[in-house]
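Novice: Sharing a structure, written as structure tokens. Questions coming.
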Amino acid sequence: MADQRPSHPIIRKWTPARYRALLRTAGPGSVQFRTRLAVLIGAVAIGLAATVFAWAADVAGEWFGHFAKHYHWAPLVVTPLLFAGLVWITRRFAPLARGSGIPQVMAAQADPERATEGLVSIRTVIAKAGLTLAAVLGGASVGREGPTVQIAAAIMGLTHRILGVPLRGAVLIAGGAAGVAAAFNTPLAGLLFAIEELASAYEQKVTLLVIAAIAIAGMIAQSVQGDYVYFGLIGAHMPIVGALVAAPVAGIVGGLAGGGFARLMLILATGTNSVTRWTKQRPILFAGLCGVVVAGLGVGTGLTWGTGYGAARAMIVGVDAPLWFGPAKFLATLSTAVAGLPGGIFAPSLSVGAGLGNLLRSVFPNSPASAIVILGMVGYFAGVVRAPLTAVIILSETTASRGLMLPMFATAFIADGVSQLVCREKLYHGLSRTFAMRPVEESAR
């Protein structure tokens with residue numbers, strides 16, 4: 001039988017009914033259009049918010065630097081009192097603002113709509129921003145990147161509520177990843193962080209939603225702050241022969257130290273031992289004692305205050321630094337993180353990693369100093385966060401050291417494996433359980 005199908009495509013006429021159907025499904029009043037608009041507006045707002053928050057944190061850090069310089073001994077009193085006061089305020093008025101902010105976003109994915117009333121509500125993130133800046137003003141070893149992730153997720157939730165469209169977990173992932181990208185000016189690192197941490201699984205499909213949010217937020221932040229490299233144009237590289245030895249050593253050292261940091265944090269956050277019970281029974285006193293440790297280290301060394309960005313950058317460019325900086329910054333960051341006040345650990349972890357890399361410089365005196373320091377940063381960061389791809393990309397983008405990519409990958413994957421031997425549970429995943437939302441039926445009782 002001969003083929004009766006027409007040889008040319010059927011051209012459908014655009015009737016008024018078809019126009020009305022198209023407007024219903026994709027027009028300005030449709031859910032699809034409003035969802036895309038909510039993502040667009042949210043991404044723009046995230047870029048602006050991340051820029052303003054970064055500027056405010058930098059100003060707060062400079063103010064504390066001037067204060068500590070002119071009143072050398074004053075932080076011994078001010079910092080412990082501030083730690084205790086911030087923890088009291090956080091527990092009394094904004095308990096969901098404590099800590100990094102990344103665990104809150106991970107926990108919020110279980111029920112995004114309810115999370116906009118608590119974990120990623122505007123009230124929570126306003127408190128988060130203010131309390132984090134106050135912690136920076138007191139010399140706490142905190143970063144702004146984790147809080148930026150929580151702020152970004154809240155902004156996405158707000159735009160969706162305003163435009164009346166359903167909020168999905170993927171939107172929170174997109175917002176959080178856009179926050180990382182805007183905070184560090186590292187779009188690729190933001191994308192990989194969404195895959196490795198916020199999405200909780202490699203096999204989860206990365207949608208155009210995530211990529212679009214990262215790109216828009218990054219462009220907005222860049223247009224305001226300029227196209228900059230976080231640590232400067234370092235361009236470090238290393239001969240392959242030296243890398244074959246240095247990368248495994250940096251990976252093992254970074255994995256042990258980073259895994260130890262994560263395990264100590266999880267023990268004090270979720271453990272059932274007597275020390276953990278004591279810290280939970282006396283949180284204000286414990287925070288004050290943590291402040292004493294941070295203040296003592298800061299006054300004694302003059303280098304462990306805040307994020308440690310200046311010291312880390314100096315070590316990357318080859319400036320000699322005291323060998324004790326890494327261990328001292330490790331202790332200051334751990335004391336700040338377990339105290340219970342709002343603030344992130346991204347930037348301080350990079351500084352601790354730089355300190356570990358500085359220690360390794362004496363082991364590899366014939367290797368480029370900047371390369372060894374960067375490998376230390378990759379190893380420690382991967383050991384803490386257990387996100388090796390993010391660790392490599394974030395360091396390659398913040399130092400423009402793409403020639404060091406292969407040694408960084410080797411270091412990161414070794415550090416991830418070693419860290420897992422020290423602390424089996426990933427840090428942010430373990431901390432997110434402390435923010436897990438109860439079922440609606442249970443919370444209504």
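The values are calculated or read from the model by the stated rules, or taken from the named source; none is laboratory data. Computed from a prediction, not measured in an experiment: that's the story for all the values here. Every residue, glycine as well, gets a Cβ built from its backbone with ideal geometry; the counts of neighbours run over all protein chains shown. Ligands, DNA and RNA are stripped out before the accessible areas are found, and what is left, the full protein with its side chains, is counted by its heavy atoms. Shrake-Rupley method; radii C 1.70, N 1.55, O 1.52, S 1.80 Å.
Novice: Which chymotrypsin sites (Phe, Trp or Tyr not before Pro) in segment 64-159 pass both tests, a DSSP loop state and at most 13 other beta-carbon atoms within 10 Å? Each step should come with its number before you reach the end.
Specialist: Values: sites: PHE64, PHE67, TYR71, TRP73, PHE83, TRP88, PHE93; in loops: TYR71, TRP73.
Answer in residue order: TYR71, TRP73.
Novice: To continue, here is another question. Based on the Cβ-Cβ distance from ILE122 to TRP55, what FRET efficiency comes out when R0 is 22 Å, to the nearest 0.05? All intermediate terms of the calculation are to be shown ahead of the outcome.
Specialist: Working: r = 20 Å, r/R0 = 0.92.
Calculated transfer efficiency: 0.60.
Novice: On to the next question. Plugging the Kirkwood radius over Cα pairs into Stokes-Einstein for segment 131-181, at a temperature of 10 °C and a viscosity of 1.306 mPa s, what D comes out in µm²/s? Working shown, then result.
Specialist: Details: Rh = 11.9 Å.
Value of D from the Cα-based Kirkwood radius: 134 µm²/s.
Novice: Enter the Cα centre distance for the pair segment 108-154 and segment 254-318, rounded to the nearest angstrom.
Specialist: Using only Cα atoms, the two centres lie 20 Å from each other.
Novice: Same structure again: Taking the highest mean first, how do the peptides 347-357, 103-113 order by number of other beta carbon atoms within 10 angstrom per residue?
Specialist: Details: 347-357: 29.6, 103-113: 23.5.
For the peptides 347-357, 103-113, the packing ranking is 347-357, 103-113.
Novice: Another question, then. To check my understanding: the extent here is largest minus smallest coordinate of the Cα atoms along each principal axis. What are those three numbers for segment 240-434, in Å, largest first?
Specialist: 53, 35, 26
Novice: When ligands, DNA and RNA are left out and all protein chains stay put, how many square angstrom of accessible area per residue does segment 31-225 have with a 1.4 Å probe? Walk me through the numbers on the way to the answer.
Specialist: Details: 7990 Å² over 195 residues.
I get 41 Å² per residue for segment 31-225.
Novice: Tell me, what is the per residue accessible area of segment 240-434 in Å², probe radius 1.4 Å?
Specialist: Working: 6810 Å² over 195 residues.
Heavy-atom accessible area per residue stands at 35 Å².
Novice: In whole percent, and with a 1.4 Å probe on the protein chains, what portion of the accessible area of segment 31-225 is carbon and sulfur? Can you show the working numbers first?
Specialist: On the way: 5500 of 7990 Å².
Exposed carbon and sulfur together represent 69 percent of the surface.
Novice: Working out 0.36 nm times the residue gap between ARG402 and VAL319, then minus their Cα-Cα distance, what length gain in nm do you get to one decimal?
Specialist: Details: separation 83, 0.36 × 83 = 29.88 nm, distance 2.13 nm.
So the chain would gain 27.7 nm between ARG402 and VAL319.
Novice: Then there is this: Return the distance in nm (one decimal) between the two label points of a simple spin-label model at VAL241 and VAL292, each offset 7 Å from Cα along Cα→Cβ.
Specialist: Between VAL241 and VAL292, the label points sit 5.4 nm apart.
Novice: Using only the alpha carbons of segment 350-445, what is the convex hull's orientation-averaged projected area in square nanometres? Display every interim value, and only then the final one.
Specialist: Values: hull surface 31.6 nm².
Result: a mean projected hull area of 7.9 nm².
Novice: At a 1.4 Å probe radius, carbon and sulfur cover how many percent of the accessible area of segment 240-434? Working shown, then result.
Specialist: Numbers: 4570 of 6810 Å².
Carbon and sulfur together cover 67 percent of it.
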